[in-house]
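> Got a structure for you, written out below as structure tokens; questions coming shortly.
The values are calculated or read from the model by the stated rules, or taken from the named source; none is laboratory data. If you're wondering where the values come from, they're calculated on a predicted model, not measured in any experiment. Cβ coordinates were reconstructed from backbone atoms using ideal geometry, including for glycine residues, and neighbour counts include every protein chain displayed.
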Amino acid sequence: MAPSVTSAVVDDKPEIYEDNHVHDVYDQIASHFSSTRYKPWPIIANFLATIPTGWIGLDSGTGNGKYLPLPLERPGSIRTIGLDRSLPLLEIAKTAGGVIRDVVWGDILGYGWRTGAFDYAISIATIHHLATPERRQSAVQRLLEAVSLSHGRILIYVWAIEQDELSKRTVPSNSYSSQNGQDVLVPWVLDQPSKESHQPGRVLQRYYHMFAKGELPGLVIKCAEQMGLCIGASSDFSTGGYGVEIIQDGWERSNYYVELRRWQS
Amino acid sequence: MVRLITHNLLACHVKGCTSNNFPLEFKDVQVELRDAEFNSDFLRGFIPKIEWKALVDAARQVGNTSLPLELPEMLDDDFLKSLHHVLLEIHVEEGSMTCPNCHHVYPISNGIPNMLLAEHEIG
Ligand SMILES: [Zn+2]
């Protein structure tokens, strides 16, 4: 039986807690992690399939780079640059899909780009590894700043408290009442326990903030307000200026997602 | 990989370093050339987003002088082939990139640029 998900308390400075419970874990599980995750979720595949030819994008928290080859129907028509904190994962990502990819070792809270350099950005299963609401909001802000002020498109995916029935995970049951999401540790079994040698299995605990319903769009709106952006469709604003529209948000396979578009009028 | 397509997007992000922080300057580079699939549609769509002078200068720093100083108005095949080569076939494997403003050095190792900063350097 798989070890179960437990509640987490962030009991250290968030950046140190993330080092111990996110970055170190990914560095250790990189090769195995890579072999078990490859199927793009439909919403992500569709988002990338509709990006115009000639556009350049950022995959913030690219992991093993599984989205860098998309869209498979038009290889090389758009270019996605992969950013990640884990060097072992980037070593895999840099040849994702058997072709050389552009990858950068960096932090999703860093800002190593010229402003508005990208046409689109995705951040899949990454922001939920940040240990405070402020850091999660900063991560959203970095995405809004990284893309074009006039046409930038963004897709964000995070883990939901509401888990798929098919998912093997069980979440501590008190979490369903939470409006603010739930901090958990999710076990990763590195070695199975061995009966012959009586070796206990090695289990690493990864930190996740599981998002509550409405929490992700809430974060986007808070962020946009602080940046002084209009929130909604550009046609709703007669005065002109800069804005961001939530194109869609929803739940897919144990995750919440939100798709955004920046506009200038 | 640090190809010039990536370099054209990177800027220094040390705390307080917000102007003249682009483009980063290549130093002590080891370069490898590898063929990439030519896609003229991608290039035509991408050209308006290029910081042209930064690309020309970076190409010179890694030993390529094939690009004109001004972006030509006529995008013929010869030009697109040169651009394709500069953006996507020159790989900086080792070396570093230095910020023109604060002189922070971002190392490149095994084809991967290190844009991580220490906690006290983050803005
Ligand atoms: Zn600098």
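> Within the stretch B:80-103, restricting attention to residues that are touching a Leu at 6+ places or on another chain (Cβ under 8 Å) and within 16 Å of the ligand (Cβ to nearest atom), which residue is farthest from A:Arg101 (Cα to Cα)?
Per the stated criteria, the residue is B:Pro100.
> Still on this structure, I have one more. Which of the numbered conditions does A:Ser77 fail, given that it passes all the others? Conditions: (1) over 21 Å from B:Pro113 (Cβ atoms); (2) within 11 Å of chain B (Cβ to nearest Cβ); (3) modelled with pLDDT under 95.
Condition (3) is where A:Ser77 drops out.
> Take the residues of the stretch A:217-265 that are hydrophobic (A, V, I, L, M, F, W, C) and within 19 Å of A:Glu134 (Cα to Cα): which is nearest to the chain's Cα centre (by Cα)?
The extreme case among them is A:Val258.
> What pairs come up if the first residue lies in the stretch A:61-77 and is of a type in the set (D, E, K, R), the second is surrounded by fewer than 15 Cβ atoms within 10 Å (Cβ to Cβ), and their beta carbons are under 6 Å apart, counting only those six or more places apart or on different chains?
A:Lys66/A:Tyr38
> Just to be sure, is B:Gly63 without any contact (Cβ under 8 Å) to a residue 40 or more places away in the chain, under 21 Å from B:Asp28 (Cα atoms), of a type outside the set (Phe, Trp, Tyr) and more than 16 Å from the ligand (Cβ to nearest atom)?
For B:Gly63, the condition - without any contact (Cβ under 8 Å) to a residue 40 or more places away in the chain, under 21 Å from B:Asp28 (Cα atoms), of a type outside the set (Phe, Trp, Tyr) and more than 16 Å from the ligand (Cβ to nearest atom) - is met.
> Considering only the stretch B:104-123, how many residues are under 26 Å from B:Phe42 (Cβ atoms) and within 16 Å of the ligand (Cβ to nearest atom)?
The total comes to 2.
> Since B:Ala54 meets every condition but one in (1) among the aliphatic types (A, V, I, L, M); (2) over 24 Å from A:Trp55 (Cβ atoms); (3) within 16 Å of the ligand (Cβ to nearest atom), which condition does it not meet?
(2)
> Residue check, B:Thr18 against (1) more than 16 Å from the ligand (Cβ to nearest atom); (2) surrounded by fewer than 20 Cβ atoms within 10 Å (Cβ to Cβ), all met but one. Which one?
Of everything listed in (1) more than 16 Å from the ligand (Cβ to nearest atom); (2) surrounded by fewer than 20 Cβ atoms within 10 Å (Cβ to Cβ), B:Thr18 misses just condition (1).
> Residues being surrounded by fewer than 17 Cβ atoms within 10 Å (Cβ to Cβ) and either touching a strand residue (DSSP E or B) at 6+ places or on another chain (Cβ under 9 Å) or among the basic types (Lys, Arg) (or both): count how many of those fall in the stretch B:78-93.
The qualifying residues number 2.
> Filter the stretch A:109-135 down to residues that are surrounded by fewer than 22 Cβ atoms within 10 Å (Cβ to Cβ) and more than 10 Å from chain B (Cβ to nearest Cβ) and give me whichever is farthest from A:Glu259 (Cα to Cα).
A:Thr132
> Shifting gears a bit: If you take the residues in the stretch B:101-122 that are more than 7 Å from every other protein chain (Cβ to nearest Cβ) and out of contact with any strand residue (DSSP E or B) (no Cβ under 6 Å at 6 or more places or on another chain), which one is surrounded by the most Cβ atoms within 10 Å (Cβ to Cβ)?
If we take residues in the stretch B:101-122 being more than 7 Å from every other protein chain (Cβ to nearest Cβ) and out of contact with any strand residue (DSSP E or B) (no Cβ under 6 Å at 6 or more places or on another chain), then B:Asn101 is surrounded by the most Cβ atoms within 10 Å (Cβ to Cβ).
> For B:Ser96, only one of the following conditions fails: (1) in contact (Cβ under 8 Å) with a residue 24 or more places away in the chain; (2) exposed (fewer than 14 other Cβ atoms within 10 Å of the Cβ). What is its number?
Only one criterion in (1) in contact (Cβ under 8 Å) with a residue 24 or more places away in the chain; (2) exposed (fewer than 14 other Cβ atoms within 10 Å of the Cβ) is unmet by B:Ser96, namely (2).
> Determine which member of the set B:Leu55, B:Leu88, B:Leu43 is touching a residue at least 12 places away in the same chain (Cβ under 8 Å) and more than 12 Å from every other protein chain (Cβ to nearest Cβ).
Within the list B:Leu55, B:Leu88, B:Leu43, the selection yields B:Leu55.
> Go through (1) touching a residue at least 24 places away in the same chain (Cβ under 8 Å); (2) among the aromatic types (Phe, Trp, Tyr); (3) within 11 Å of chain A (Cβ to nearest Cβ) for B:Phe26 and report which single condition fails.
Only one criterion in (1) touching a residue at least 24 places away in the same chain (Cβ under 8 Å); (2) among the aromatic types (Phe, Trp, Tyr); (3) within 11 Å of chain A (Cβ to nearest Cβ) is unmet by B:Phe26, namely (3).
> May I pose another question? Out of the residues in the stretch B:58-77 that are out of contact with any strand residue (DSSP E or B) (no Cβ under 8 Å at 6 or more places or on another chain) and buried (at least 16 other Cβ atoms within 10 Å of the Cβ), state the one that is nearest to A:Ile92 (Cα to Cα).
Filtering the stretch B:58-77 for residues that are out of contact with any strand residue (DSSP E or B) (no Cβ under 8 Å at 6 or more places or on another chain) and buried (at least 16 other Cβ atoms within 10 Å of the Cβ), the one nearest to A:Ile92 (Cα to Cα) comes out as B:Leu67.
> Whether any residue in the stretch B:20-37 is β-branched (Val, Ile, Thr) and farther than 19 Å from A:Val104 by Cβ is what I want to check. Lay out the reasoning, then the answer.
Initial filter on the stretch B:20-37 (β-branched (Val, Ile, Thr)): B:29, B:31.
Those still in the list that are farther than 19 Å from A:Val104 by Cβ too: none.
No, every residue in the stretch B:20-37 fails to be β-branched (Val, Ile, Thr) and farther than 19 Å from A:Val104 by Cβ.
> Just checking, does the stretch A:53-66 include any residue being over 18 Å from the mean Cα position of the chain (by Cα), surrounded by fewer than 23 Cβ atoms within 10 Å (Cβ to Cβ), at pLDDT 90 or above and charged (D, E, K, R)?
No: zero hits.
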